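Have a look at the structure below, then the notes.
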Amino acid sequence: MDSILSRMARVYRILRRTHHVYVVPLVLAVLFAALRTGVWLLMKLDYVFFPRLRRTKVTRPIVLVGNPRTGTTFLQRFLADHGLGSGMELFLMLYPSLVLQTVLKPVLPLLERLSPAKFHSTDAHHTSLSSVETDDVSVLFRYLDGFFLYGFFLSFDDEDLLPAVDPKVRDTASRDFAWLRALWARSLVLHGARRNVAKLFSLGPRLPRFLQEFPDAQILY
């Protein structure tokens, strides 16, 4: 599953067989492709309308690593709310372009109806497009890949697909960390902050590689 199309086909097969959903995934696939293309184009324009972005460097990010349901979301939001850095809201990961965010922000309440957050149980914690969330979601939204892809979709397949997201088998670190750097820089511009507060539960098996990319990162486990 080295291409987005192959992953989309696998997800569709799983949804069809496991959840007996046929039409909605096809509609979402078209919307996903359109959004991905639009984001790519508009992110180019970010450098025109937000010249500060060219001068913004990601330095000394605070990165939380932990298992689900261990309080990492609370800690990330606490640090962001108290000015220790900028966390990434869900809408920033879904619509990463600063130009696109500027256009869509006035209608954000309406977009909540189409938000992936509506499928998230509030028993764990409340979330919305304007809520700070784990940065792992950004890889799912951009590449339909990563540990979220496995947790929400691939784990329901009859075949063991864990190797598809195992960095020892298929290493996507360079791609993922480059994408995170691009989003973190935009988050700094959006919030007027100097450093990021991130949460990456997928960092465990890739920590040495992450520290090569961000040697000044501060890791909290």
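Points to keep in mind about this one:
- A residue that is surrounded by 18 or more Cβ atoms within 10 Å (Cβ to Cβ), within 25 Å of Arg55 (Cβ to Cβ) and of a type in the set (Asp, Glu) occurs somewhere in segment 168-183.
- Residue check for Ser130: in contact with a strand residue (DSSP E or B) (Cβ under 8 Å, 6 or more places away or on another chain), under 23 Å from Gly83 (Cβ atoms) and of a type outside the set (Phe, Trp, Tyr): yes
- Just one of (1) closer than 27 Å to Leu207 by Cα; (2) surrounded by fewer than 11 Cβ atoms within 10 Å (Cβ to Cβ) fails for Val27. It is (1).
- Residue, farthest from Ser138 (Cα to Cα), within segment 1-24, restricted to residues that are surrounded by 11 or more Cβ atoms within 10 Å (Cβ to Cβ) and charged (D, E, K, R): Arg17
Every read-out reported here was derived from the displayed coordinates using simple, explicitly stated rules and does not represent laboratory data. Only a predicted model underlies this, so the values are computations on that prediction, with no experimental measurement involved. Quick reminder, even Gly has a Cβ in these numbers, built from the backbone with ideal geometry, and neighbours come from all protein chains shown.
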